[in-house]
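Okay, so here's the structure we're looking at.
The values are calculated or read from the model by the stated rules, or taken from the named source; none is laboratory data. Note that the structure is predicted; figures quoted are calculated from it, not measured. Positions of Cβ are generated from backbone atoms using ideal geometry, with glycine treated the same way; all protein chains shown enter the neighbour counts. Only protein heavy atoms, including side chains, enter the accessible area calculation; ligands, DNA and RNA are left aside. Shrake-Rupley method; radii C 1.70, N 1.55, O 1.52, S 1.80 Å.
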Amino acid sequence: MPDTTPPVRPTPPANAAQPAPANAAQPTSGADDGPPRLTRLDFHGPLSEERAGRMVQRLAAARPATVLDIGCGWGEFMLRVLDATPGATGLGIDLAADDLARGRANAAARGLADRVEFAEESGHGTARGPADLVLCLGAGHAVSGPESPHNFRTVLRELRRLVAPGGRVLYGEGFWQRPPATAELARMWPGATAEEHVSLAELVDLAVDAGFRPAWVETANSDEWETFESGYRSDVEEWLATHPDHPLAPETRERADTHRESWLSGYRDLLGIAYLTLVPTEPSPHP
């Protein structure tokens, strides 16, 4: 998503996009290159250490032998699952080369390089499954494709196709905490519409229709959102404070200010993100 889109989505608008950062720099960069990118975040989404730890232990208890992370970014959650599941192997796929490089470096530093692959490729129509555990965290757009980034039914059917019998899916997706007003939509990302998300109840019903039972339903709280939003911009804001005359400063400042206003005046306390732990029913309702 453009810099003005919220993080839980992958292209402009939420089901589709995790917002692009306010700059196009590498995860770390010098002053001449512009601000560093997302160095304050472990996860690219509103997810606390405490919640992540509980989810990892719950998923690891099912002893997955294979993990597939679609739209993985740098794959932090996948690496933690692998660390908690001796012998399991993982595959993360994404189109962001810089994030994939960060994931490979983190895997090597933790002694996991021989158990995980990071592949620069699309998740749309992927033949990489089935896997015992499929992760799709704020990356439904990577599954459904750019032409239908908000088609949750398509996303869930694809996730059902990619998970092995008896496996698990962890699906992180945006939802409206209440129906947004027209004026609120106008203050969000460009072109925001009410149809981009559904309610939490509707999202869970769509998962059931796709052939899952919702074993666990949880949502990010306000502390997780504020920590994520602040950490998401912190590198950029501090760089702008110390490099006001840098050639990249004007455009970076405009994007950072636009994104901050989109959050504070638009989707704050309105856009939620759900983490659904889904178990496939047998047989699949969509052969």
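What number goes with the only condition from (1) in contact (Cβ under 8 Å) with a residue 40 or more places away in the chain; (2) farther than 19 Å from residue 139 by Cα; (3) open to solvent by less than 30 Å² (accessible area, probe 1.4 Å) that residue 213 does not pass?
Every listed condition holds for residue 213 apart from (3).
Before we move on, is residue 128 over 18 Å from the mean Cα position of the chain (by Cα) and open to solvent by 10 Å² or more (accessible area, probe 1.4 Å)? Full working, then the answer.
Details: over 18 Å from the mean Cα position of the chain (by Cα): yes; open to solvent by 10 Å² or more (accessible area, probe 1.4 Å): yes.
Considered against the rule, which asks whether it is over 18 Å from the mean Cα position of the chain (by Cα) and open to solvent by 10 Å² or more (accessible area, probe 1.4 Å), residue 128 comes out as yes.
Against the conditions (1) open to solvent by 10 Å² or more (accessible area, probe 1.4 Å); (2) at pLDDT below 95; (3) not small (Gly, Ala, Ser), where does residue 50 fall short? Just the number, please.
Of the numbered conditions (1) open to solvent by 10 Å² or more (accessible area, probe 1.4 Å); (2) at pLDDT below 95; (3) not small (Gly, Ala, Ser), the odd one out for residue 50 is (2).
Condition first: touching a Ser or Thr at 6+ places or on another chain (Cβ under 7 Å), modelled with pLDDT under 95 and over 24 Å from residue 55 (Cα atoms). Can you find one or more residues in the stretch 138-146 that meet it?
Yes, the stretch 138-146 contains a residue that is touching a Ser or Thr at 6+ places or on another chain (Cβ under 7 Å), modelled with pLDDT under 95 and over 24 Å from residue 55 (Cα atoms).
Inspect the stretch 150-167 for any residue being among the small types (Gly, Ala, Ser) and outside any strand (DSSP E or B) and give the result as yes or no.
Checked against the condition, which is being among the small types (Gly, Ala, Ser) and outside any strand (DSSP E or B), the stretch 150-167 yields no hits at all.
Of all residues in the stretch 44-86, which are of a type in the set (Val, Ile, Thr) and assigned to a helix (DSSP H, G or I)?
As a first pass, look at the stretch 44-86 and keep what is of a type in the set (Val, Ile, Thr): 56, 66-67, 70, 81, 85.
Listed by number, the residues that qualify are 56, 81.
Tell me which residues, restricted to the stretch 235-286, are in contact with an Asp or Glu (Cβ under 9 Å, 6 or more places away or on another chain), more than 30 Å from residue 206 (Cβ to Cβ) and among the small types (Gly, Ala, Ser).
256, the sole residue that qualifies.
Name the residue, out of 168, 115, 110, that is open to solvent by 60 Å² or more (accessible area, probe 1.4 Å), touching a strand residue (DSSP E or B) at 6+ places or on another chain (Cβ under 6 Å) and over 27 Å from residue 192 (Cα atoms). Walk me through it before giving the result.
Details: 115 fails: open to solvent by 60 Å² or more (accessible area, probe 1.4 Å); 110 fails: touching a strand residue (DSSP E or B) at 6+ places or on another chain (Cβ under 6 Å).
That would be 168, the only listed residue that is open to solvent by 60 Å² or more (accessible area, probe 1.4 Å), touching a strand residue (DSSP E or B) at 6+ places or on another chain (Cβ under 6 Å) and over 27 Å from residue 192 (Cα atoms).
What pairs come out if I take residues in the stretch 84-98 that are within 12 Å of residue 67 (Cα to Cα) and open to solvent by less than 30 Å² (accessible area, probe 1.4 Å) and pair them with residues that are among the hydroxyl-bearing types (Ser, Thr, Tyr) and in a loop (DSSP other than H, G, I, E, B) whose C-beta lies under 8 Å away, six or more apart or interchain?
93/122; 93/126
Residues that are open to solvent by 60 Å² or more (accessible area, probe 1.4 Å), of a type in the set (A, V, I, L, M, F, W, C) and within 22 Å of the chain's Cα centre (by Cα): does the stretch 259-278 have at least one? Spell out the reasoning first.
Within the stretch 259-278, the subset open to solvent by 60 Å² or more (accessible area, probe 1.4 Å) is 260-261, 264, 268-269.
Imposing the further condition that a residue be of a type in the set (A, V, I, L, M, F, W, C) reduces the set to 264.
Okay, now just the ones that are also within 22 Å of the chain's Cα centre (by Cα), so 264.
Yes - at least one qualifying residue is present in the stretch 259-278.
Contact list please: Cβ distance under 8 Å, first residue in the stretch 168-179 and outside any strand (DSSP E or B), second residue open to solvent by 70 Å² or more (accessible area, probe 1.4 Å), pairs at least six apart or on different chains.
177/269
Tell me whether the stretch 96-114 contains one or more residues that are over 25 Å from residue 39 (Cβ atoms) and either more than 14 Å from the chain's Cα centre (by Cα) or not hydrophobic (A, V, I, L, M, F, W, C) (or both). If you could, list the steps in order and put the result at the bottom.
Narrowing the stretch 96-114 to residues over 25 Å from residue 39 (Cβ atoms): 114.
In the following step, the residues that additionally are either more than 14 Å from the chain's Cα centre (by Cα) or not hydrophobic (A, V, I, L, M, F, W, C) (or both) were identified as 114.
Checked the stretch 96-114: at least one residue is over 25 Å from residue 39 (Cβ atoms) and either more than 14 Å from the chain's Cα centre (by Cα) or not hydrophobic (A, V, I, L, M, F, W, C) (or both).
Residues of the stretch 235-284 being closer than 30 Å to residue 164 by Cβ and touching a Lys or Arg at 6+ places or on another chain (Cβ under 8 Å), which ones?
To start, the set of residues in the stretch 235-284 that are closer than 30 Å to residue 164 by Cβ comprises 272-284.
Scanning the stretch 235-284 gives 275, 277, 278, 279, 280, 281, 284.
Any idea which of (1) closer than 30 Å to residue 238 by Cβ; (2) of a type outside the set (Gly, Ala, Ser); (3) open to solvent by 50 Å² or more (accessible area, probe 1.4 Å) is the one residue 76 doesn't satisfy?
Residue 76 satisfies every listed condition except (3).
Return yes when residue 237 is modelled with pLDDT of 95 or more, more than 21 Å from residue 198 (Cβ to Cβ) and surrounded by fewer than 19 Cβ atoms within 10 Å (Cβ to Cβ) and no when it is not. Write out each step before concluding.
Working: modelled with pLDDT of 95 or more: yes; more than 21 Å from residue 198 (Cβ to Cβ): yes; surrounded by fewer than 19 Cβ atoms within 10 Å (Cβ to Cβ): yes.
When the stated conditions are applied, residue 237 passes them.
Taking the stretch 135-149 as the region of interest, how many residues are outside any helix (DSSP H, G or I), touching a residue at least 60 places away in the same chain (Cβ under 8 Å) and on the phi < 0 side of the Ramachandran plot?
Filtering the stretch 135-149 for residues outside any helix (DSSP H, G or I) gives 135-139, 145-149.
Now narrow it down to the ones that are touching a residue at least 60 places away in the same chain (Cβ under 8 Å): 135-139, 146, 149.
Retained after the next criterion (residues that are on the phi < 0 side of the Ramachandran plot): 135-137, 139, 146, 149.
So the answer is 6.
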